[in-house]
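Asker: Mind looking over this structure? Questions follow.
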Amino acid sequence: MSSPTAKPDRVKASWLFAYSLPGMPIAAMGLPLAVHLPPFYASEVGMGYFIAGTVFLLPRFLDIFLDPVMGVLSDRVRTRWGRRKPWMAMSVPILILAAVLVFMPAIGTTWPMAVMSLVILFIGWTMLTITHLAWGGELTGDYHERSRVTASREAAYILGSIAVLVLPVLIQNYGDDWGVGTDRVAQVASMGWFIIITLPLCVAFALFVVPEREAPPTPHIPMKIAMAAILTNKPLRYVLFCDLIAGLSTGTVATLFLIMATAGLGLGSQANVLLLIYFAMGVVLIPPMVWVSRKLGKHQTLVYSSLVNAVLIPCIFLLPKGEFWPAAALWTFFGANMAVGPFLFRAIMADVADHDHVETGQARAGVYFALLALTNKAGYSIAIGVTFWTLALIGFEPKAPNTPEAVDAMMLLYILPPTVVSILVAAVMWRFPLDEAKQRELRRIIDERTAAGTIIGERVGHPLESDADIPDEPGLPAVKPAE
């Protein structure tokens, strides 16, 4: 439950707007990677489901190395422009090159070329997304204000997703008038051009408008102790497990959506309209969901959202084939609930990083958001690979007519795993040990340590941050261990 005693550490609206903007091109890359590009490479590029699923899975193993390294570098490397900003700036040219390679492939592109293109994209993606997430986690130390920051970023993600859904429709209807064609190749290329144009503008605006908070120098601790603090961080285990299985669920749904809407529901070209309804409802209902999380608490809201999903997803079985409006009504409810998990997982992870800060004396938000990014991307990528391999196993064809048995198996694959995952997330997060009261105590300890270190640092000539550096003197705040 919310506490009225603490004064919120508010983020200015202009900063919030500027910080959130890079979420639009980030989503414009992320949504097609799950929804549009795998089936595009399977059918139009000509790879087939098995090879396309493997191509989109293999480069993700690089993230096992890239994400933690990027987290450590963005925590440790300090420049005159800050810890996070330089990496975001360097990611832009890499991602522009990747957008050309990944979204504008030649028909018949070989799988090694596709893998290389995706590796370039994931390198730039890691540099941008992890530093962006960690930066957001440090904009405020307030329990509920962090939900506002992550919700604003999620709104930008959804707007970017809507943009890349509208673009193919515009190309399909007006591509000939614009001289670019109307086929699927032109539609996917338009998504790449959206990234190329918006990414440098949005990142530059954020970097120039929003300042980084200065982080005090952190004490050196041995690698063994640093790793032990991560491995024994109980709240972290809860979040990473749930985010991993949520990624499996979301990846399965995203990968199969166009196939399910076309072959399973018989909606064909109306599939993109369903997605637009879904994302539009997500944008509209983010502010009310932030309000709900203030009243109930972040992890409690995540639990109730997961239970709603567990009830709604099986309702897809009840939809009549070929009828748009019943499906539109159901996807309206899905959209009302869709943004809760993404923004709350990230807001909660900022609190988990506070727990580590108290335990180790180090501000390691980059490492923690790298771990969160790793589990989510791992879930997504495993889902893409396993889903496409399963489609090949059941004999589901990308273009040929499919048997009723193959369609039924595909629908079960779309519905059952996300339902089970929703129940698991609710069961695990119900017992999450870090609530508002405990997080405020963590911030009190961090703030008092920082203040004490600053006072002593003025006497001895350098700032201090951890209690190991602070001499025992009367009047200094005592350091309390996190529970």
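Asker: Using the Karplus curve 6.51 cos²θ - 1.76 cosθ + 1.60 with θ = phi - 60°, work out ³J(HN,Hα) for each residue of segment 98-106 in order, rounded to whole Hz, and write x for Gly and Pro.
Answerer: Couplings: 5, 4, 5, 5, 7, 8, 10, x, 6 Hz.
Asker: Tell me which label goes with the value of Cα extents along the principal axes in Å computed from the coordinates here: (1) 63, 55, 42; (2) 110, 57, 32; (3) 79, 43, 40.
Answerer: Working out Cα extents along the principal axes in Å from the coordinates points to (3).
Asker: I would also like to ask the following. Is there a quick way to get the dipole size of the chain? I mean about its Cα centre, with the Cβ of Lys and Arg at +1 and of Asp and Glu at -1; what is the value in debye to the nearest 20?
Answerer: It comes to approximately 380 debye.
Asker: How much mean residue ellipticity at 222 nm does the chain get from its helices, if each DSSP H run of length 4 or more adds -39500 (n - 2.57) and you divide by all residues, to the nearest 500 deg cm²/dmol?
Answerer: -25000 deg cm²/dmol
Asker: Name the residue farthest towards the positive end of the dipole of segment 315-448 from the options ILE348, MET338, ALA327, assuming +1 on Cβ of Lys and Arg, -1 on Cβ of Asp and Glu, about the Cα centre.
Answerer: So the residue furthest toward the plus end is ALA327.
Asker: Working from Cα positions, state the angle (0 to 90°, nearest 10) between the long axis of helix 145-178 and the longest principal axis of the chain.
Answerer: 30 degrees
Asker: Another question about this same structure. Treat segment 13-86 as a sphere of radius equal to its Kirkwood radius over Cα pairs and apply Stokes-Einstein at 4 °C in a medium of 1.567 mPa s; give the translational diffusion coefficient in µm²/s, rounded to a whole number.
Answerer: Estimated diffusion coefficient is 85 µm²/s.
Asker: Report, in degrees rounded to the nearest 10, the 0 to 90 angle that the Cα long axis of helix 63-76 makes with the longest principal axis of the chain.
Answerer: 30 degrees
Asker: Right, something else. If you line up the long axis of helix 111-137 against the longest principal axis of the chain, both from Cα atoms, how many degrees apart are they, to the nearest 10?
Answerer: Value to nearest ten degrees: 40.
No lab work stands behind these numbers, since they all come straight from the coordinates. Bear in mind that the values here come from a model prediction, so they are computed numbers and not experimental data. Quick reminder, even Gly has a Cβ in these numbers, built from the backbone with ideal geometry, and neighbours come from all protein chains shown.
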